[in-house]
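Visitor: Here it is: the structure, laid out below.
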Amino acid sequence: MSAARALALVALLGLGAGGAQASFYGDELGISPFEDWRTLKAGNFDVHHPVELAATATAAAEALQEAHVILKDILLWEPRHRVQVMLLNSTDAANGSAGPALRFGITLNATPPESWFSIGQADDWIRLLAVHEYAHYLNMDALDGGMWAFWVVFGDAVRPNGLWAPWMLEGLSVVMETRHTRAGRGRSAEYDMVIRAAVRDGLLGDADFMTLGRMGGRNPWFPDGETPYMFGFHLMNEVVRGMEGKARTHDGRETLSSGEQALGRLSVRSSGRVPFFVNGNLRAVTGRRWHDVWKDWAKGATARAKDQLKRLAAAPLTPIERLTPAAQEVLGPRPSPDGKFLAYTAATDDRGRNGLYLLDLFSGETRRLGSKRMGATQAFTPDGRWILTSSLHPVGQYNLYSDLLAVNSHNGREIWLTTGLRAKDPAISADGRNLVFTRSRGATVGVAAGLIEVDEDGEPTLSQVRDLYVPQPHERASQPTLSPDGRWVVFGLQRMGEPSEDLLRVPLEGGRPETLVQTGARNRFPAYSAQGELHYISDITGVENLFRHRPGSTPLMVTHVDSGIRFPVFSAKDELFVSHFSSEGWAPARVGTIGAKESWKELSLERPSFPESELMGSSGVRERIPSGKPVESAYSPWGTFFVPRQWAPYIQGSGSGFYLSGQLLGFDALDFHEYVLSGAFDSYVGLAEGALQYAYRGMGPTLSLGLSHETTFVFPGGASGPEEFDR
């Protein structure tokens with residue numbers, strides 16, 4: 001292997017650490033070369049998007065520009081290059097990413113999160129995602145002090161803050177999403193629930209639950225992947241609270257009197273030093289170490305949780321029978337028609353992927369019927385033979401869509417009912433004829449229906465699919481269910497700009513929707529009892545409990561728990577099953593009720609409060625955005641292709657001479673084109689060599705071209721000599 005080829009390989013592999021995966025990242029991110037890609041230039045952002053997401057791209061560009069106006073003064077940094085943003089319509093998994101290294105940019109998945117996701121705590125998914133990911137970008141893009149020397153030598157490959165612990169990275173961004181939207185995870189009843197349960201069981205600060213030392217590694221217990229977000233938020237927010245109102249200076253000027261700017265000073269200071277000196281950076285900014293921050297937060301969190309538990313103890317708690325050991329997630333429990341089994345989706349400690357499980361309610365035996373990705377609710381066919389559910393499903397080379405899946409309850413055999421329909425969370429009518437589900441159309445999720453039929457082989461099929469309700473752009477419907485008489489479909493709706501969720505209903509035969517529940521809280525997971533009464537989960541008291549809908553009157557609270565419950569469902573015998581939370585995680589449970597409690601306000605908990613951000617009003621923010629109308633054009637790779645993203649020298653010496661080489665690496669924003677250019681000189685033979693490697697994937701398959709003039713064969717770590725080039 002020549003030195004040029006070695007450098008090219010190192011460069012390509014090194015992209016993985018920088019936030020992209022060279023010739024693979026386009027495939028992994030669902031960047032199809034067959035889309036009609038457009039670019040919207042707005043401020044210092046280039047938003048690349050498929051043509052069908054033009055309206056969403058405009059919303060994203062506006063949200064990013066507003067986030068820039070606010071966050072640059074908090075995090076004390078502005079990008080040195082135009083920020084490349086990729087808006088994707090290729091997946092039904094809500095997410096985003098940011099990678100300043102190699103100027104990779106930001107990716108935004110347009111699809112809204114499901115209502116049970118922690119990131120479902122949003123008033124505007126696109127805005128929350130823009131704030132969260134742009135905070136990441138500014139934090140990791142910062143490069144101060146002596147670290148500039150590394151940029152001179154290695155280009156945009158070096159970013160010290162990219163080596164922060166995950167809880168520091170995610171905690172900072174969750175603080176920003178919470179303080180600069182009307183929702184955000186830091187305001188959620190879920191985050192309160194986890195801490196309250198830990199304090200109740202005496203586990204906060206215990207190694208079996210969470211300690212400061214365990215936050216940086218893989219957490220095998222609940223909250224698993226949510227650990228860096230949840231506990232990172234709490235610690236970063238504690239830093240902000242501790243510095244609130246204390247003015248500091250930066251670069252010789254006084255900053256705003258904002259506790260949030262402590263995070264900006266921490267970010268900038270860290271970006272100019274060798275990574276990992278986390279305590280020294282924090283002490284220089286706040287005078288505290290992270291252990292001090294943890295102790296201060298844990299003390300305050302414990303006191304707050306004890307106050308909450310004392311308030312909740314004013315009324316008898318609902319009796320709960322947990323049916324299985326705890327899991328990281330338990331979604332959509334559903335009893336079989338004969339009442340013998342309970343089907344549910346779960347993520348357990350010993351499995352890497354969600355599975356569909358079947359619990360024998362009499363013997364307690366649990367079987368895993370198979371793996372699935374995402375999808376929450378289940379539905380049995382009337383004969384109990386098939387379980388209808390949903391899962392993410394590869395469609396073509398670039399898309400990962402949610403589709404409906406039928407699983408045989410006896411042997412686990414799977415039949416895909418749809419392909420590429422982007423459908424999830426089915427519910428079936430009592431007669432087994434009608435199926436309702438949600439259906440995604442890019443950045444909007446509505447409600448659809450179809451007919452379930454059984455073919456001559458006894459296998460279910462879906463036909464006559466039709467839309468029942470398509471909400472406004474960027475709104476999300478969730479968890480539809482059918483009324484016992486089969487006339488109505490009830491579902492949750494996240495409206496644009498509202499941090500709450502409402503319950504609506506629409507006729508199964510089609511017609512105008514009607515709002516049933518609108519209280520300013522998150523009202524989700526509708527379920528009918530055997531008597532035909534509509535119930536739902538609401539966090540109106542600060543705890544997720546079950547309420548009974550009363551048209552024109554105050555809802556009745558019918559459970560009272562001190563942690564939280566989700567996914568209620570009633571059996572034919574009116575037994576109530578839920579997913580119940582404890583400090584160990586979630587479990588399917590059989591739950592009693594407390595009767596019809598009409599007065600529940602005395603059990604309401606105080607919600608976390610935060611100063612109102614300018615972004616919540618936005619009018620003043622928009623006035624500070626540089627004038628100029630966004631310009632949209634067809635995507636062109638050339639603006640980002642020719643400017644190298646990484647360069648590096650390579651020097652090797654021996655008694656007979658030296659070998660000096662260097663390389664340049666570049667690729668365009670959507671990774672349709674890549675190149676590595678290398679040049680070298682060997683003093684022993686006095687000859688120069690060079691190589692160019694180019695890859696193009698704009699036609700689907702990756703086409704590679706290599707040109708080289710090589711004179712010397714250099715082994716990594718070895719020295720050049722006559723035996724190495726005598727060939």
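The values are calculated or read from the model by the stated rules, or taken from the named source; none is laboratory data. Nothing here was measured: the structure is a model prediction, and the numbers come from that model. Backbone-built Cβ (ideal geometry, glycine too); neighbour counts: all protein chains shown. The area values use the complete protein model at the heavy-atom level, side chains included, leaving out ligands, DNA and RNA. Shrake-Rupley method; radii C 1.70, N 1.55, O 1.52, S 1.80 Å.
Visitor: With all protein chains present, calculate the accessible area of residue 638 using a 1.4 Å probe and round the result to the nearest 10 Å².
Guide: Counting only protein heavy atoms, the figure is 130 Å².
Visitor: Determine the dipole magnitude for region 477-594: charges of +1 sit on the beta-carbon of Lys and Arg, -1 on that of Asp and Glu, nothing else is charged, the reference point is the Cα centre, and the result goes in debye to the nearest 20.
Guide: With Lys and Arg at +1 and Asp and Glu at -1, about 180 debye.
Visitor: Can you work out ³J(HN,Hα) from phi for every residue in region 62-69, in order, using Karplus 6.51 cos²θ - 1.76 cosθ + 1.60 and θ = phi - 60°, giving whole Hz and x for Gly and Pro?
Guide: 3J(HN,Hα) across region 62-69, in whole Hz: 5, 5, 5, 5, 5, 4, 4, 4.
Visitor: Can you give the net charge of the other residues whose Cβ lies under 9 Å from the Cβ of residue 529, counting K and R as +1 and D and E as -1?
Guide: Taking every Cβ under 9 Å from that of residue 529, the sum is -1.
Visitor: With all protein chains present, calculate the accessible area of residue 152 using a 1.4 Å probe and round the result to the nearest 10 Å².
Guide: Taking all protein chains as shown, residue 152 has close to 100 Å².
Visitor: On to the next question. Largest first, what is the accessible-area ranking of 581, 672 with a 1.4 Å probe?
Guide: 672, 581
Visitor: Per residue, how much accessible area does the chain have with a 1.4 Å probe, in Å²?
Guide: Result: 39 Å² of accessible area for each residue.
Visitor: Mean shadow of region 477-542, computed from the convex hull of its alpha carbons, in nm²?
Guide: Numbers: hull surface 18.6 nm².
So the mean shadow area of the Cα hull is 4.6 nm².
Visitor: Would you mind computing, in nm to one decimal, how far apart the modelled labels at residue 51 and residue 241 are, each placed 7 Å from Cα along Cα→Cβ?
Guide: 5.2 nm
Visitor: Now a separate question. Would you work out the charge dipole size for the chain about its Cα centre, treating the Cβ of every Lys and Arg as +1 and the Cβ of every Asp and Glu as -1, and quote it to the nearest 20 debye?
Guide: The dipole of the chain has a size of about 1640 debye.
Visitor: Let me know the volume per residue of the alpha-carbon convex hull for the chain, in Å³.
Guide: 188 Å³
Visitor: How do 193, 699 stack up against each other in accessible area, from largest to smallest, with a 1.4 angstrom probe?
Guide: Largest accessible area first, the list is 699, 193.
Visitor: In Å, what Kirkwood hydrodynamic radius results for region 373-435 from the alpha-carbon pair distances?
Guide: 11.9 Å
Visitor: What whole-number value in cubic angstrom gives the convex hull volume per residue for the C-alpha atoms of region 255-356?
Guide: So the per-residue hull volume is 225 Å³.
Visitor: Okay, next question. Percent of alpha carbon pairs in region 554-650 separated by more than 22 Å?
Guide: Distances greater than 22 Å cover 67 percent of the Cα pairs.
Visitor: Within the chain, what whole-number % of the accessible surface is contributed by carbon and sulfur, with the 1.4 Å probe and all protein chains included in the calculation?
Guide: 53 percent
Visitor: When only C-alpha pairs under 8 Å and at least 6 residues apart count, what is the relative contact order of region 419-475, in percent?
Guide: 27 percent
Visitor: Which residue, chosen from 205, 335, 513, occupies the Cα position most advanced towards the positive end of the dipole of the chain, where the dipole is computed from +1 (Lys, Arg) and -1 (Asp, Glu) charges on Cβ about the Cα centre?
Guide: So the residue we want is 205.
Visitor: Next up: Express in Å², to the nearest 10, the accessible area of residue 533 obtained by rolling a 1.4 Å probe over the protein heavy atoms while all chains stay in place.
Guide: 70 Å²
Visitor: Which of the listed residues, 434, 555, 470, is farthest toward the dipole's positive end in the chain, when Lys, Arg count +1 and Asp, Glu count -1 at the beta-carbon?
Guide: 555
Visitor: Which whole-Hz couplings ³J(HN,Hα) result when phi for each residue of region 70-80 is put into the Karplus expression 6.51 cos²θ - 1.76 cosθ + 1.60, θ = phi - 60°, listed in order with x for Gly and Pro?
Guide: My calculation for region 70-80 gives 7, 6, 5, 7, 8, 8, 6, 7, 10, x, 7 Hz in order.
Visitor: Would you work out which of 494, 314, 592 lies farthest towards the positive end of the dipole of the chain, given +1 charges on the beta-carbon of Lys and Arg and -1 on that of Asp and Glu, about the Cα centre?
Guide: 314
Visitor: Next question. Which whole-number percent gives the relative contact order of region 443-500, counting Cα pairs below 8 Å spaced six or more residues apart?
Guide: 31 percent
Visitor: Where does each of 137, 635 land when they are ordered by accessible area, with a 1.4 Å probe and the largest first?
Guide: These residues rank, largest area first, as 635, 137.
Visitor: Show the residues, 5+ positions off or on another chain, whose built amide H is closer than 5 Å to the amide H of residue 550.
Guide: Distant-sequence amide H within range of residue 550: 556.
Visitor: Given all pairs of different Cα atoms, what value in angstroms does the Kirkwood hydrodynamic radius of region 262-305 take? Walk me through the numbers on the way to the answer.
Guide: Details: mean 1/r = 0.0886 Å⁻¹.
Every distinct Cα pair counted, the radius reaches 11.3 Å.
Visitor: Rounded to a whole number of µm²/s, how large is the Stokes-Einstein D of region 310-367 at 20 °C and 1.002 mPa s, given Rh as the Kirkwood radius over C-alpha pairs?
Guide: In µm²/s, the coefficient rounds to 163.
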